[in-house]
Amino acid sequence: QVQLVESGGGLVQPGGSLRLSCTASGSNFRMYAMTWYRQVPGKQRERVALISSGGSTNYVDSVKGRFTISRDNAKNTVSLQMNSLKPEDTAVYYCNRVAGLPWPWGQGTQVTVSS
């Protein structure tokens, strides 16, 4: 059974930075494209950034140039470097694989951007 554990969230002022990490235990992690999602209460989960098994990346327009997704297959970890944060980036952030049924969702990590 795959377990996803997200970490690195917190409270940051507008313009600040955070680095999120997600570790996937018990998986053939390197085989899968991975995505960071975010969710605000009352809204659907939004795909923020994707990284393929080969390292190609894709971002939603609202975070292009500010967020960078990366992966370390040796550590079964996908990361999200978030710079120039805005209040509208406030959400709970989750990771999961792209293809097939989602793995069981982790608890997510809360990011709050506020002065």
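Rolling a 1.4 angstrom probe over the chain with all protein chains present gives an accessible area of which 48% lies on carbon and sulfur atoms. Which whole-angstrom value gives the distance between the alpha carbon centres of segment 91-115 and segment 1-74? Answer, in whole Å: 7.
Once the gyration tensor of the Cα atoms in the chain is diagonalised, the equivalent ellipsoid follows with semi-axes of 23, 14, 13 Å, ordered largest first. Listed by chain and number, the lysines whose C-alpha is less than 29 Å from the C-alpha of residue 86, apart from same-chain residues fewer than 8 away, are 43, 64.
Principal axis extents of the C-alpha atoms in segment 13-81 (largest first, rounded to whole Å): 34, 25, 20. Per residue, segment 38-92 exposes 54 Å² of accessible surface when a 1.4 Å probe is rolled over the protein heavy atoms with every protein chain present.
The values are calculated or read from the model by the stated rules, or taken from the named source; none is laboratory data. All values reported here derive from a predicted model rather than from experimental measurement. The area values use the complete protein model at the heavy-atom level, side chains included, leaving out ligands, DNA and RNA. Shrake-Rupley method; radii C 1.70, N 1.55, O 1.52, S 1.80 Å.
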